[in-house]
Amino acid sequence: MLGPTAKGRWSYACSKLIDEFLAIAYYRERGLPTVVGRLFNTVGPRQTGQYGMVVPTFVKQALSGQPLTVFGDGTQSRCFTHVRDVVEALIALMQRSEAYGQVFNIGGTEEITMRMLAEQVVARTGTRVRLLWSPTRRPTSLALKTCRAECRTSASSTSSSAGSQRWAWLRSSTMSSLRFAPRVTERSGFRASFGVDAR
């Protein structure tokens, strides 16, 4: 789904689509080994909230004693992926010739609402800041509704198991034979990313 050309923000999505068309065309027409990887909600060390990333924004607000700003009613959800797993997934794709000319979505499978995320950040930083509810802002991107893994993997995860939760899965609509098992647990990822231990 794309919006009207009169809205400048849609040029971002269109530019990425053109890049995908070109990459796949060069593979089909010239044999250039290309792989398209789409990244969704990547988080990790040194990430800032400069471009609206919610996790570092929440952590920064909590550690500075400020209320955590939650837009809308907090029921909107996201799936997050740790950068270490993203890097491993990208390397795995580049090393597999059967992945050439294909498109892969690299993202998490465990959904979490913004309210739950804010509450977890407060709990894990050991702060007592409150949540600040703000009117829903205008959307800047389409919501990702489906982030379920479609390929077989050797890892399993549950949202209630913080110590063993995996942050990332590889989603492929065309290659179920490609195996990728994420390794970053929620606990270690949280600590490495923001210097705060998961509690």
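Derivation of every value follows stated rules applied to the coordinates shown; laboratory data play no part. Since the structure is predicted, the reported quantities are computational estimates derived from the model, not experimental observations. All Cβ positions, glycine included, derive from the backbone under ideal geometry; neighbour counts span all protein chains shown.
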State, to one decimal in nm, how far the label point of Leu32 lies from the label point of Gln66, with both points 7 Å from Cα in the Cβ direction.
4.3 nm
Ordered by residue, what ³J(HN,Hα) values in Hz, to whole numbers, does segment 9-22 give under the Karplus form 6.51 cos²θ - 1.76 cosθ + 1.60, where θ = phi - 60° and Gly and Pro are x?
5, 6, 5, 5, 5, 5, 5, 5, 5, 4, 4, 5, 4, 5
Explain nothing, just compute: Karplus ³J(HN,Hα) = 6.51 cos²θ - 1.76 cosθ + 1.60, θ = phi - 60°, for every residue of segment 77-91 in order, whole Hz, x for Gly and Pro.
10, 9, 10, 10, 10, 6, 4, 5, 5, 4, 4, 5, 5, 5, 5
Using amide H atoms built in the peptide plane, which far-off residues or other-chain residues are under 5 Å from Leu39 H to H?
Ile106
Non-local amide H neighbours of Gln66 (under 5 Å, H modeled in plane, Pro and chain starts lacking H): which ones?
none
I'd like the Karplus ³J(HN,Hα) series for segment 106-116: coefficients 6.51, -1.76, 1.60, θ = phi - 60°, whole numbers in Hz, and an x wherever there's a Gly or Pro.
10, x, x, 10, 8, 7, 9, 6, 5, 5, 5
Sorted by chain and then number, the residues having a modelled amide H within less than 5 Å of the amide H of Tyr100, at least 5 places away or on another chain, are none
